[in-house]
Every structure is written in structure tokens, then in C-alpha cells.
Amino acid sequence: MATSPRTIVPDPVPVRPVQLDQVEHLVKLQKWAQKITSILDLDELINKIVDDVAAAFCCVETNIYLHDQERAELVMAGVHGCTVHGKGSRLKVGTEGMVGYVAATRQMRYAPDVRQDPYYIGCEESTLSEVAIPLLVDGQLVGVFTASHHDLDAFTREHLRWLQSLCDHVGVAVHNARRFQHERHERERMSQEAHEARAIQQALLPKSSPFIPGFAISGLSIPAGAVGGDWYDFISFDDGCWGLVLADVSGKGTAAALLMSATRGMLRSLTQTCSGPGEVLTRLNRLLVEDFPSGKFVTMLLAVLNPTSRELTFSSAGHLRPLLVDEQGARFLDSERGMPLGLGTGEFSESRVQLSKGSRLVFYSDGITEATGLSDEEYGAERMRDHVLRPDASAESILADVRVFANGEGLHDDATVIFVKA
């Protein structure tokens, strides 16, 4: 390979007459080039280009190199007829072959006799003429197309003009296909990450309902997206009591899921050292005020159930009121004070309720009550109360009823329920 920096431009050659059938064939090729922009699969597109152009011009070899801007290299992405190099072969921009020269200059180079061209790198022995054409989009290099022939000076000026015109279409088509491929890979990567995040988040939820003599307790959480900021938990204590937790982190998606995971870890640690739900929330809030990003917060219901005395003690951090159904009817339980966690310092009161035989207690997130149907009407707390009054009500039936109400609109927020039946 010669390394002379001097540009050698071949002398003009007489234009050979183009036969009528050749003209018709080139017109068809032009129409074909305009259609290839609809092909978005990069490998399919490139293979079609090199194969069809090789057949149209009876080429020994046709190649498409794609520009690797980060490494200043050209990577062979499509090849027809070459027995020496395969896909993945690389050439340096500006220093290797006609391809490298064209990539650096952004101008077509034609070698009517490759034996006389200082930039030509020998490949197929039968090659006597070759053209290399840059693939450009808005002045930016996409790649380089090459075509080789076994005849001397095989490409007329008319051929070269047609090939340049074809390469204008090829450049756009390849550019669009590369962008589509990149976006598709990015979507697949994000989808895979979301799938893994969902699996991790689901693993943090209780694997089964707790066995508590005299009580049937179940929980269910459905994120609006792949992951969410709702969660619930059942925590056993050495004295036989059980902690019930339902919380909702502000926001949605991965960010909310990360904050949920951090909050869950802190809470589980504190429940083993504190005397009651009010103290747990007070200490947890101090930690979250220090650690949470500005504007982020958590609403939470934390309860401790004593199955022996049937007494449930709960504290609320700005969460929706729990619903109790017993012999007195259905009512929402109030707590004296408790702001959402992470917004500012404060204390949290405790409330106590006796769970008589046959009573039902429901913790729920706003994804239940704020679910909307086609008319934008909310499901609401009263509709949920009416459903819980049914003897067959459960966590599963509440969420099923919400979905029916939404009438195919789907849940726009995470929906979580804990259902306690004495």
C-alpha cells in the first residue's frame, strides 16, 4: 500500500454510450434505492444493498463500511464477493485504503486501474477498477460504499453519477436504520432493567400471608408500571405480635422504587428496637428527613396486632384512613397527628382498636380510591366501603372491582391493599 499524501485524480475518460436496456435497469435501480429507506433492520438493509448493486453492475465485490466515530475507524458491515475480508474488518480513517481516504476527504474516489492507484489495498485478484463513495447525511459521515469490477475502467461517468445518487439514498437509509437499531437496543436494555427491577421489588414483598391464630390476613400490590413506590409488609415479633405496614412513596417508576427499598430497610431495622409504631415512625422520619431528596416523601400506616388480646395499635404518617367493618358498621379510623415521612421533623400518635370476631380491617393506597373510569369519576372511599361490606370481600376482590370500574382504562397509580379478617 502506498502512503503518498498527494491526491491523484484520474484523467477524464471518454463517456461510453449507455445501452437502452442499461438505462432502463438504472432507472429501476433508482426506484429501488428510494424504497430502501423503508427498511429499518440494519443487517437486512445492508445485505440487500450490497447484493442488489453487485448484481446490477456485475461487480466482483461490493462493500459497505460504517463509521465508528469514537475510534476513527470504518467497520465492514456488509460484504458481497470478498473472499479475504469479512464483516467486522476495520480500516483507519485517512490512513488505510481508498475507504480510509474517502472517509477523510468526504469525496468519491474512482480508480479506473487499481494497479495505478496509491490508496488501493489489494483484495480480489480479478479486481481492476474500483469506486469508493462516502455515505453522508447532512454533511456527517455515515460510512463508505465500495464497488469493484474485473474490467479496467468499468464505471462510466454516467455509472458514477448514478452510484453517487444511489449512495445519497443509501446514506439516509443506513442512518435511519442505525438510529432505529440504537433506539431498539436502548428500549430492550431499559425493558430488561425494568424486568430485573420488578423481580427485585417483588422479592421484597411478603412471600405468603402470615399465620396468625384467629385472623386471616392477606396483602396485594400491583404497580402501575414495571415498578412502583407502593409496598406492604408483615413483620413478626418475638412476643407473638405482628407488624402490618402499608406505604406509598411519592412519585412513580424506578425512582420511587429505590426510595421504597431504602425506606423498607430502615423500617425493618427500627421495628426490632422500638416499643411501638409511633416511636418507629418518629425515628424513621428523622432518618428520611436527612436522606430523602427535597420534595420526596412517604405516607405510611404502621400497625402492631396482638392476636391474644385482639388489639391493634396503629400510627399514620399522612396516609389514608384505615377502614374498619364490625358489628357497629363501617367506619374510617382517624389518628390524631402524623405528617408524611421525609418532609419535616415531628411526632406520631398511636390509636388503638379492638378487633371483634367477624370484623374486617382494610389498609389501602390512593391507587385504589383515586382510580378513574372513562367519565373521570374516582372509585372513591365510599365505593370501597360498600364493597368491603360484602361478605365475600377480600384484597383480591377489591382490586378486581377497581379494574372493572376503570373499564379498561388500567390503573394509573400503584394499588396496594392489606385485608385483615378476625
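Observations on the model:
- Any chance S335 is within 30 Å of A262 (Cβ to Cβ), assigned by TED's automatic domain parsing to the domain that holds A415 and modelled with pLDDT of 95 or more: no
- Of the strands (runs of 3 or more DSSP E) that lie entirely inside region 201-295, those containing 1 or more residues that are hydrophobic (A, V, I, L, M, F, W, C), free of Cβ contacts under 8 Å to residues at least 40 places away in the same chain and out of contact with any Lys or Arg (no Cβ under 9 Å at 6 or more places or on another chain) span 230-236.
- Just so you know, in region 362-374 the residues that are out of contact with any Asp or Glu (no Cβ under 8 Å at 6 or more places or on another chain) and in contact (Cβ under 8 Å) with a residue 60 or more places away in the chain include one that is farthest from G214 (Cα to Cα), and it is Y364.
- Of the strands (runs of 3 or more DSSP E) that lie entirely inside region 345-422, those containing 3 or more residues that are hydrophobic (A, V, I, L, M, F, W, C) and closer than 23 Å to A247 by Cβ span 360-364, 415-421.
- Scanning region 200-220 for residues that are in contact with a helix residue (DSSP H, G or I) (Cβ under 9 Å, 6 or more places away or on another chain) and buried (at least 16 other Cβ atoms within 10 Å of the Cβ) yields Q201, S218, G219, L220.
- Listing of strands (runs of 3 or more DSSP E) fully contained in region 44-105 that carry 2 or more residues being buried (at least 20 other Cβ atoms within 10 Å of the Cβ) and of a type in the set (G, A, S): 73-80
- Sole exception among (1) crowded, with 20+ Cβ neighbours inside 10 Å; (2) assigned to a strand (DSSP E or B) for T313, by number: (1)
- Applying the set (1) modelled with pLDDT of 95 or more; (2) touching a Gly at 6+ places or on another chain (Cβ under 7 Å) to A415 leaves exactly one unmet item: (1).
- Odd one out for H169, checked against (1) surrounded by fewer than 22 Cβ atoms within 10 Å (Cβ to Cβ); (2) more than 19 Å from D51 (Cα to Cα): (2)
- Selection from region 124-133 of residues that are over 18 Å from L163 (Cα atoms) and in contact with a Gly (Cβ under 9 Å, 6 or more places away or on another chain): E124
- Test result for S275, among the hydroxyl-bearing types (S, T, Y), surrounded by fewer than 23 Cβ atoms within 10 Å (Cβ to Cβ), modelled with pLDDT under 90 and within 29 Å of Q354 (Cα to Cα): yes
- Meets criteria (under 39 Å from the mean Cα position of the chain (by Cα), within 19 Å of A177 (Cα to Cα) and without any contact (Cβ under 8 Å) to a residue 60 or more places away in the chain) for K48: yes
- Residue within region 48-61 that is touching an Asp or Glu at 6+ places or on another chain (Cβ under 7 Å), more than 24 Å from S165 (Cβ to Cβ) and either outside the structural domain of H150 (by TED's automatic domain parsing) or not aromatic (F, W, Y) (or both) present: no
- Residues within region 222-245 that are closer than 19 Å to P322 by Cβ and touching a Gly at 6+ places or on another chain (Cβ under 8 Å), tallied: 5
- Only one of the numbered conditions (1) surrounded by fewer than 13 Cβ atoms within 10 Å (Cβ to Cβ); (2) closer than 19 Å to S38 by Cα is violated by Q140, and that is (2).
The values are calculated or read from the model by the stated rules, or taken from the named source; none is laboratory data. Keep in mind the model is a prediction, meaning the values are calculated, not measured. Note that we place each Cβ from the backbone using ideal geometry, even for glycine, and neighbour counts take in every protein chain shown.
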